[in-house]
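Trainee: Here it is, the structure, as structure tokens.
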């Protein structure tokens, strides 16, 4: 029998034509989609996705910011809230007595005690901080998407974004609709007040987006920092003007002026503390990640595997 007529069976270990050389499924075979998903959810060398890194960073920063804001409100603003609640109960008692010929009836029991409400204040602040941390991380990823999680000047960029968030979601809406103590406002105007507040938040966010776009376009056009900063400031002032086109607060505020002023200042300070903590923690985590990334290649330069190769 000639060698041409002999059947050429592959030797053990040799690849078979048309069959993958390894035990892994080829493209299009069952199981290949799972590996593609895993590759998409992680970066090079098995590193986690940049978006997941930023989200974890935002959750940590937002949670700490919410906790700091909640404790601040509990220690400083909550006594004012208790005083405002007592004034509201006294006012309602007098109105009830006048309506019933001087007879005062005892009110119903509170659904939650004040201590439970104090705990709920801190928990609500932490949950709010976590939500803002996610919003902050997504915005950071969109603004600096070309750089990934290891952006240039992460500390400055984190603080600038936190300042923009404070302006858009706290300061500008509060200038038009300042915070009021509990008990202020009628039950029939709740929906109207909520609509006005949400409208103020949307206008604040759109105004900060306009300021950012003006800054970026002027920078790309070659204009210097003064022109860029003046244009952004003009956009913020224009946003404030648009906010004052909205209707005013539909309810009177029957609270003594000193108490009202103190409550509004502390409420704004609580928001400032939340955003400042969020920006500082996020920026600090970004700086630590950059230091670890810069130290990694030097630490691995003299490793046994690299030396052997």
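Values in this text are rule-based calculations from the coordinates and carry no lab data. Owing to the predicted nature of the structure, the values given are computational and were not obtained by experimental measurement. FYI the Cβ positions are ideal-geometry reconstructions off the backbone, even for glycines, and counts take in every protein chain you see.
Trainee: What ranking do 115, 199, 270, 73 get, fewest neighbouring Cβ atoms within 10 angstrom at the top?
Mentor: Ranked by crowding around the Cβ, least crowded first: 115, 199, 270, 73.
Trainee: What list do you get for 197, 261 if you sort them by fewest beta carbons within 10 Å?
Mentor: By the 10 Å Cβ count, ascending, the order reads 261, 197.
Trainee: Along the Cα→Cβ direction, 7 angstrom out, place labels at residue 220 and residue 249. What is the inter-label distance in nm?
Mentor: Rounded to a tenth, the inter-label distance reads 4.2 nm.
Trainee: Quick one: order 82, 220 by neighbouring beta-carbon count within 10 Å, fewest to most.
Mentor: Listing 82, 220 from fewest to most nearby Cβ atoms yields 220, 82.
Trainee: Send over the semi-axes of region 138-223's equivalent ellipsoid, whole angstrom and largest first, taken as the square roots of 5 times the C-alpha gyration tensor eigenvalues.
Mentor: 34, 14, 11
Trainee: Another one. Going by average Cβ density within 10 Å per residue, which order do the peptides 203-213, 283-293, 243-253 take, highest to lowest?
Mentor: 203-213, 283-293, 243-253
Trainee: With no solvent and one equal point scatterer per Cα, compute the Debye intensity ratio I(q)/I(0) for region 186-252 at 0.21, 0.24, 0.27 Å⁻¹ and report its log10, rounded to two decimals.
Mentor: One equal scatterer on each Cα of region 186-252 leads to -0.81, -0.94, -1.07.
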